[in-house]
Amino acid sequence: MRRRRSAELARLRVDPVLCDGIGICAHLAPELVRVDSWGYPIVPLEAIDERDQKQAQRAVRGCPRKALFLEPVPAALPSR
C-alpha cells in the first residue's frame, strides 16, 4: 500500500526589488496578503498550510512583475 505524501510546507515571499506595489496579490490571496499604505504586499512570515497554498499559488501566478514566490520550508526533523 502506498502512503500519500503530505504537502510540502512553503512560505510566501516577496522580492521587494521586483515589486511595483500594484496590489493584485492582495485580491488573489486576501487571507494571506495585506498591502501597506503604498500598495506593497505584507505576507506572513510563517509557513502556510495546505489550504492557503492554493491561494498563494494563485497570487504567485497572477503577479505581473513575478515578485512573489513560494519558498520551500524544510520539514522539522523528528525529535529523539
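Worth pointing out:
Each row is one residue, and each column tells you yes or no for (1) aliphatic (A, V, I, L, M); (2) in a helix (DSSP H, G or I); (3) farther than 24 Å from Glu8 by Cβ.
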position	(1), (2), (3)
Ile22	yes, no, yes
Glu31	no, no, no
Arg51	no, yes, no
Pro64	no, no, yes
Pro74	no, no, no
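- Looking only at the range 29-66, and only at residues there that are over 11 Å from the mean Cα position of the chain (by Cα) and of a type in the set (A, V, I, L, M, F, W, C), the one that is most open to solvent (accessible area, probe 1.4 Å): Trp38
- Scanning the range 43-58 for residues that are among the charged types (D, E, K, R), touching a Leu at 6+ places or on another chain (Cβ under 9 Å) and within 17 Å of His27 (Cα to Cα) yields a count of 2.
The values are calculated or read from the model by the stated rules, or taken from the named source; none is laboratory data. As the structure is a computational prediction, the values presented were derived from the model and not from experiment. Because the Cβ atoms are built from the backbone with ideal geometry, glycine has one as well, and the counts that use them run over all protein chains shown. What goes into the accessible areas is simple: the full protein's heavy atoms, side chains included, and nothing from ligands, DNA or RNA. Shrake-Rupley method; radii C 1.70, N 1.55, O 1.52, S 1.80 Å.
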